[in-house]
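Engineer: Structure provided below as structure tokens; questions to follow.
The values are calculated or read from the model by the stated rules, or taken from the named source; none is laboratory data. What you see is a predicted model; the values in this text were computed from it and never measured. Cβ coordinates were reconstructed from backbone atoms using ideal geometry, including for glycine residues, and neighbour counts include every protein chain displayed. Accessible surface is based on the protein model in full, side chains and every heavy atom, while ligands, DNA and RNA are left aside. Shrake-Rupley method; radii C 1.70, N 1.55, O 1.52, S 1.80 Å.
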Amino acid sequence: MGKLITTDFLIHDSNQELGCGEIKVSSADERLQEEDRARLGETLKRQLHHRIKQAKSQREFFVFGMFVTSNSMELYRSSFSMENGYSLFLQSKIMLPTLQSTYTSLEESLKILFSFKESITNTLQDPSEYKQPYIYHEYDDHLRPTVCFI
């Protein structure tokens, strides 16, 4: 049986996964970093499918990813719409304030991280929607399978 490859951490609320993240040591070569970025995209697509299955509104058709390496963090957003299909894009890339030379970017990094958290929170199901019907059946013919990177 093959080795199960998972992400390094999950982003979730009490009901479902909202995203995931990968952390690479600074000494990892570029090929390994690119493999993890590809795996991040695959995992985000699977998480997006799960979110769509539980969605009560299109506002929930988003998942979020983080890729950390060396002294930088990449923040990703993946979404689905019938008009545009799937999208995965790099929302922000920030320098982590880990060194004295990067400490000056602390305020900007925190603003970006708080904004990222707010964008995640804005996709959560509203309590007023709990009794609404699921909308998955309107989109299931448009969803495509995820190809795994091995």
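Engineer: Note the listed values (i) 150; (ii) 138; (iii) 104, then indicate which one is volume of the Cα convex hull per residue in Å³ calculated from this particular structure.
Structural biologist: Evaluating volume of the Cα convex hull per residue in Å³ on these atoms matches (ii).
Engineer: Ok, one more. In the structure displayed, which of LYS53/LYS111; LYS111/LYS131; LYS24/LYS117 lie more than 30 Å apart, Cα to Cα?
Structural biologist: Checking Cα-Cα distances, LYS53/LYS111; LYS111/LYS131 exceed 30 Å.
Engineer: Ok, one more. For a quick check: with amide H placed at 1.01 Å from N, whose amide H comes under 5 Å from SER72's, ignoring anything fewer than 5 positions away on the same chain?
Structural biologist: HN-HN under 5 Å from SER72: LEU96.
Engineer: Run the quick spin-label model on THR98 and SER70: label points 7 Å from Cα toward the beta carbon, then report their separation in nm to one decimal.
Structural biologist: 1.0
Engineer: Evaluate the relative contact order of the chain (contact order divided by residue number), counting alpha-carbon pairs under 8 angstrom at least 6 apart; express in whole percent.
Structural biologist: Reported as a whole number, the value is 22 percent.
Engineer: Another question, then. Would you mind getting the accessible area per residue of the chain, heavy atoms of the protein chains only, 1.4 Å probe, in Å²?
Structural biologist: Heavy-atom accessible area per residue stands at 63 Å².
Engineer: Which of these, LEU113, LEU75, LEU48, has the largest mean-square fluctuation under a Gaussian network model of the chain (Cα springs below 10 Å)?
Structural biologist: LEU113
Engineer: Can you compute 3J(HN,Hα) from phi for each residue in the stretch 109-121, using the Karplus curve 6.51 cos²θ - 1.76 cosθ + 1.60 with θ = phi - 60°, rounded to whole Hz and x for Gly and Pro?
Structural biologist: Each residue's phi maps through the Karplus curve to give 4, 5, 4, 5, 5, 5, 5, 4, 4, 5, 5, 5, 4 Hz.
Engineer: Quantify, in whole percent, the carbon and sulfur part of the accessible surface of the chain (1.4 Å probe; protein heavy atoms only). All intermediate terms of the calculation are to be shown ahead of the outcome.
Structural biologist: Details: 5230 of 9480 Å².
Exposed carbon and sulfur together represent 55 percent of the surface.
Engineer: Between GLU42 and PHE9, what is the FRET efficiency for a Förster distance of 22 Å, r being their Cβ-Cβ separation, to the nearest 0.05?
Structural biologist: 0.85
Engineer: Need the full-extension length gain, GLU138 to GLU30, defined as separation in residues times 0.36 nm minus the C-alpha distance. One decimal, nm.
Structural biologist: 34.8 nm
Engineer: Relative to the present Cα-Cα distance, how much length would full extension add between GLN54 and SER87 at 0.36 nm per residue of separation?
Structural biologist: Extending this stretch completely gives an extra 9.9 nm.
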